[in-house]
Amino acid sequence: MAERTKARVARARPDEEQRDGASERLLEAAERLFVQRGFAATSVRAITEAARCNVAAVNYHFDGKLGLYETLFRSRLSDLRRRRVESVRATLDRARGRVTLELLLTAFANAFLEPLVEEGPGRHLIGLLSRELLDPHLPPKLFQHEMVEPVQRVLSEALMRVTPGLRREQAVHCVISIIGQLTQVSFRCHWAAAAEGCERLRPRLPAMVEHIARFSAAGVRACAKGR
């Protein structure tokens, strides 16, 4: 109760930090520290010192450490969701009815993998997800609502659109399979980059994207034919 009162008082005061990018600095600092140490081992003071903010800034902007953690996840998931959904829609729009499964899946695979294996927020999200799986703090259905359902809906509709005879249930199963392959590649890239001496085991993305697109396209067509 006392903490909620303090948070309300903090938000009621004018804060110079709100005008100098404090909330974004807090998100960036928290992301680095949560990846390195995990949620429980990262203190509010460590976050605010790294972000060059007052200790009260976390309550002011995010209602505490847990609110900051959830906001960080929602922000990163929103960026990835937008890229994946837009890759499907843009491919369908550009092809104007002449899109192939291979073209659609290649575009989606690139949009899925590129932000996760490049240095930046996507790579950090892999680390955050790994930590969250071991020590969960997010609402149980956040990932499902923010990422799984929207992407599954858009991609399954696209698969049915370009694959005559593919039923909705089959399309959903295909999407789960495709995303499973891509997730495995992204985690392997992350592991190979982080483990000393394992860079040579890192998958080559162009070859993996081509393989997954061809392999999955053949599977989708086989499902549509009832094989």
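The values are calculated or read from the model by the stated rules, or taken from the named source; none is laboratory data. Note that the coordinates shown come from a computational prediction; the quantities given were computed from them, not determined experimentally. Positions of Cβ are generated from backbone atoms using ideal geometry, with glycine treated the same way; all protein chains shown enter the neighbour counts. Heads up: the accessible areas ignore ligands, DNA and RNA and are worked out on the full protein's heavy atoms, side chains in. Shrake-Rupley method; radii C 1.70, N 1.55, O 1.52, S 1.80 Å.
Going by the conditions given, is Glu149 open to solvent by 30 Å² or more (accessible area, probe 1.4 Å) and either within 18 Å of Pro206 (Cα to Cα) or part of a helix (DSSP H, G or I) (or both)? Yes: the conditions hold for Glu149. On the stretch given as the range 35-66, residues that are at pLDDT 95 or above, open to solvent by less than 20 Å² (accessible area, probe 1.4 Å) and under 23 Å from Leu142 (Cα atoms) total 3.
Taking the range 24-112 as the region of interest, the helices (runs of 4 or more DSSP H) fully inside it that hold 3 or more residues being closer than 25 Å to Glu146 by Cα are 57-62, 65-95. Here is a check on your reading of the model: is Val154 out of contact with any His (no Cβ under 7 Å at 6 or more places or on another chain), assigned to a helix (DSSP H, G or I), of a type in the set (Val, Ile, Thr) and crowded, with 19+ Cβ neighbours inside 10 Å? So Val154 passes the test. Which residue, of Ser78, Ser87, is open to solvent by 30 Å² or more (accessible area, probe 1.4 Å), within 29 Å of Leu113 (Cα to Cα) and under 18 Å from the mean Cα position of the chain (by Cα)? Going through Ser78, Ser87 in turn, the sole match is Ser78.
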